Amino acid sequence: MKKVYYNWREKLWVTPAFYSILAVLLSIGFFYVDLLLVRQYREFIPDILLTNVELAQTIMGALAGALLTMTTFTFSTILVVLTMYSSQFSPRTLKNFVHDRLTWRVLGVFLGGFIYNTLSLLFMRDALYTHDVISTFVGILIAFLCLSTFAYFIHHIATHVQVEKLIDELEKDAERIIDTYSDKQQQEMELETQWNPDGFAETILAGTDGYIQFLYFDKLTGYAVEHELEVEILHGIGSYVHENTPLFRVYQRQQEDLDLRRFITIGTERTTDQDLDFAIQKMVEVALRAISPGINDPNTANGIIIRVGRLLGKLSHLETGTLTIRDEEQKDRVRYPFFTFPHFLYLTFHQLIHYGKEDVSVVAAILESLTNAAQLSSPSHHEAIWGTQLYVLEHVEEASFKRLDRRYIQGKLDRLAQAMDRRPVLLSDYRRDRGQDQQL
């Protein structure tokens, strides 16, 4: 059931279709109200709420045309924002706007208003009514709702396209995934100490091409307990698999037909539901676009890089490496390949330092980001952060920074060393030592 809900949630037309169906039912409902109830309860209905058929046709025709125009304008605005997201930020950030529920609810309200007034106009016949009707008043109320929704939509678009708003959303997405994994590790997952499965081994293959978007850990664990299985997941979330790629290796005591592919969702694009790497990659891509010559906005990139450091510090408290999920009897049931912290550091910074090594502010922001990560992380990860610092310096030695630039970078190096209680790396000595190594 959860998998069906997840797949339907990804379909953008569901919300406008729901509002459209609701509008059809509302128009049919008020058709029968006008036909059967208005005459019966006429004395209890204020005159201001009622109109004759001729006036109702005029009002509803005007409202239907106006709402169709507003719907067209709203759809055009959505396309403009999508184009801006793709060109200014990153193509991967389109989903942050596309899956914004408010956007499609606004479009659904406009479609619903147009459908209600059009169908009510169709039902408005002189031969059917010998009395006034109330459906026109309802159409006017819906038009007022559409106007207020349109005003709020303009405000929403004006704030949503700001880069700080997008960065904040991307950061919350990544933080939500970290918190989810943290809760799951505290309750179920443990770092693998020993994996000794027994029974017949069977490999289950992927049935389609695409990215692993979602894994239903709880359902998979329950299925493994029910059938006395030990399941090894061969690819992590975010990995691309093609048809017939091994997905699971299952160990069972009695051979039987198993269907584990229903516990995994594979799609044509990566999502941020469980993919922590992709969530941070989206922030990195926005930063890369900001420091590109076409955009040339290094301050935005620096703000993102510093925020990434806080996320890395929080992420460092997760158990990394191969994890296992145990049942109530503490028996290993599911084995999952999780990322390692040094590898995650490399994937986060290798593009940033490659494209930003000539900009002293970007280099300083990367070192400050590492400082934030070191301050928030456990000492066991300081060696990986220190190694990433040296990796950054290997790129910096190729840049021709001036004296004040080097002094500024050295200050960042000193603070990073202080955060890890180590002797700071001297930029001048490092460059000299590296030059001697290269000569040797």
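Please treat every number below as a calculation from the coordinates, not as lab data. Not measured: the values here are computed from a predicted model. Backbone-built Cβ (ideal geometry, glycine too); neighbour counts: all protein chains shown.
One table, with the values for the structure above:
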item	result
Among beta bridges that DSSP assigns inside the chain, antiparallel share in %, nearest 5	95 percent
Top of Glu230, Glu285, Glu202 by mean-square fluctuation, Gaussian network on the chain, Cα under 10 Å	Glu202
Net charge contributed by nearby residues that have their C-beta within less than 14 Å of Glu202 (K/R +1, D/E -1)	-4
Dipole of the chain, positive direction: furthest Cα of Tyr346, Leu22, Val53, with charges on the beta-carbon	Val53
Long-range amide H partners of Thr271 with built H, under 5 Å	none
Members of Lys95/Lys219; Lys357/Lys402; Lys184/Lys219; Lys165/Lys314; Lys172/Lys412; Lys95/Lys184 lying beyond 19 Å, as alpha-carbon distances in this model show	Lys95/Lys219; Lys165/Lys314; Lys172/Lys412; Lys95/Lys184
Furthest towards positive pole of dipole, Ser369, His382, Pro337, structure part segment 317-399, Cβ charges	Pro337
Degrees between helix 427-439 axis and first principal axis of the chain (Cα, 0 to 90, nearest 10)	70 degrees
In degrees, nearest ten, helix 276-291 long axis to first principal axis of the chain (Cα)	90 degrees
Long-range amide H partners of Ile266 with built H, under 5 Å	Gln213
Computed lengthening from Ala201 to Met84, 0.36 nm per intervening residue step minus Cα-Cα distance	37.1 nm
Separation of alpha-carbon centers, segment 343-412 and segment 237-278, rounded to whole Å	36 Å
From phi via Karplus (6.51, -1.76, 1.60), per-residue ³J(HN,Hα) for segment 150-165 in Hz, x at Gly/Pro	4, 4, 5, 5, 4, 4, 5, 5, 4, 8, 6, 7, 6, 5, 5, 5
Lys, Arg +1 and Asp, Glu -1 on Cβ, resulting dipole of the chain about Cα centre, debye, nearest 20	1200 debye
Cβ-Cβ FRET estimate between Leu22 and Arg101, R0 fixed at 22 Å, reported to 0.05	0.90
Cβ charges +1 (Lys, Arg) and -1 (Asp, Glu), total dipole of segment 185-264, debye	220 debye
Nearest-0.05 FRET efficiency for Thr69 and Ser292, computed from C-beta distance (R0 41 Å)	0.60
Zero-based 5 Å bins, Cα pair distances in segment 339-418, whole percents	3, 16, 29, 26, 16, 7, 2, 0
Cβ charges +1 (Lys, Arg) and -1 (Asp, Glu), total dipole of segment 292-440, debye	320 debye
Spin-label pair Ser380/Gln194, simplified geometry with 7 Å Cα→Cβ offset, distance in nm	1.9 nm
Reference-scaled alpha-carbon Rg (2.2 N^0.38 Å with N residues) for the chain	1.33
Furthest towards positive pole of dipole, Ile264, Ile167, Phe123, structure part segment 122-275, Cβ charges	Phe123
